[in-house]
Amino acid sequence: MRTYHVIAQLVGVGFLAASAGMAQTPTAQELLDQMRSGTSPSGRTALPSATVLPRPKLSSSSGDDIASEINLGRGIAEQILGSVQVLRDPAVQLYVSQVGQIVAQSGERPTLPWIFGVIDTPSLNAFALPGGVILISRGLFEQLDTEDELAAVLAHEIAHVQRKHHYKVVKRQQAIADVSALVRQDQSPAAGLLDVAMKRSTLIVARGLDKGAEYEADRDGMVLTARAGYDSTALLSVLEKLGKASDNGDGSLLFSTHPSPSDRMAQLAIYEDPGLVDASRLSAMAGRIRSFQSRGQR
């Protein structure tokens, strides 16, 4: 029951970030209008989508399939939040949600009920769950130098959701037969089956994706970061930090579920697009993250 309320709180934070939020945070529609007009909530001209790679061709989904994806993600989130706590700082949660919503609105699935949250753990980690749940650890958040780097981390995870990477793996491995059907049933046996399905799905997500999916999310994430008006190369800065942490013996789960930072940087080095080069400069809001990090360290 506690985890249900935690998710409800994060949903509320996401609603505030998309509607009122900090310092007159624009609504989702206002974000779209700003991006179409060539401006960006991040404080500088947004990257025109025509100057980057074509939007990825995503498979169409029925309403039932989307509902199944969302239900699966919320169920996995409940499993995760049953063992780790969310950071008890509403201002930090709202800030991360605000940045996440800005990036998500520049992507292919802006109408998903996106949820962004910070979990209170010192490890370096961030992960995406089906249906639009994105979590980043306090440890990784505190390591970032700019808002652009935060946007890049969230963009990588948003890219996973865009391409349904985890959802496809779960379905392929038949961890769930029909989550939507299970959720609609009230009988105890169905509830038990749903719990088992969620636990199996959580294990699948925890094992991570193949290298191809991670490289794909890196590339898509750079495009999303630039479209939202942030530094397109911010992910490279994050990977440099992760590389140093790995060399220092950090045992974070991130390093066991992702290709090495050096391999990821090498893959991005061969990915060339003039538009991304043009967008390789800090946004006007780059330094805003520092005030929220100081709050989290008190």
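The values are calculated or read from the model by the stated rules, or taken from the named source; none is laboratory data. Given the structure is predicted, the values throughout are model-derived calculations rather than measurements. Positions of Cβ are backbone-derived with ideal geometry, glycine not excepted, and every protein chain shown enters the neighbour counts. Ligands, DNA and RNA are excluded from the accessible area calculation, which covers all protein heavy atoms including side chains. Shrake-Rupley method; radii C 1.70, N 1.55, O 1.52, S 1.80 Å.
Taking a ≥ b ≥ c as the square roots of the Cα gyration tensor eigenvalues, with a/c under 1.5 meaning rounded and otherwise prolate when a/b beats b/c, else oblate, which class fits the stretch 66-127? Spell out each step's value before the answer.
Numbers: a/c = 2.19, a/b = 1.19, b/c = 1.85.
Oblate.
Compute the length gained on full extension between residue 65 and residue 277: take 0.36 nm times their separation in residues and subtract their Cα-Cα distance, giving the result in nm to one decimal. Numbers along the way, then the final one.
Details: separation 212, 0.36 × 212 = 76.32 nm, distance 3.71 nm.
Difference between extended and current length: 72.6 nm.
Lys and Arg at +1, Asp and Glu at -1: add these up for the other residues within a Cβ distance under 12 Å of residue 121 and post the number.
Working: positive: 138; negative: 120, 142.
Net of charged neighbours comes to -1.
Could you state how much accessible area residue 285 has, in square angstrom rounded to the nearest 10, with a 1.4 Å probe and all protein chains kept in place?
Spelled out: residue 285, probe radius 1.4 Å, area about 60 Å².
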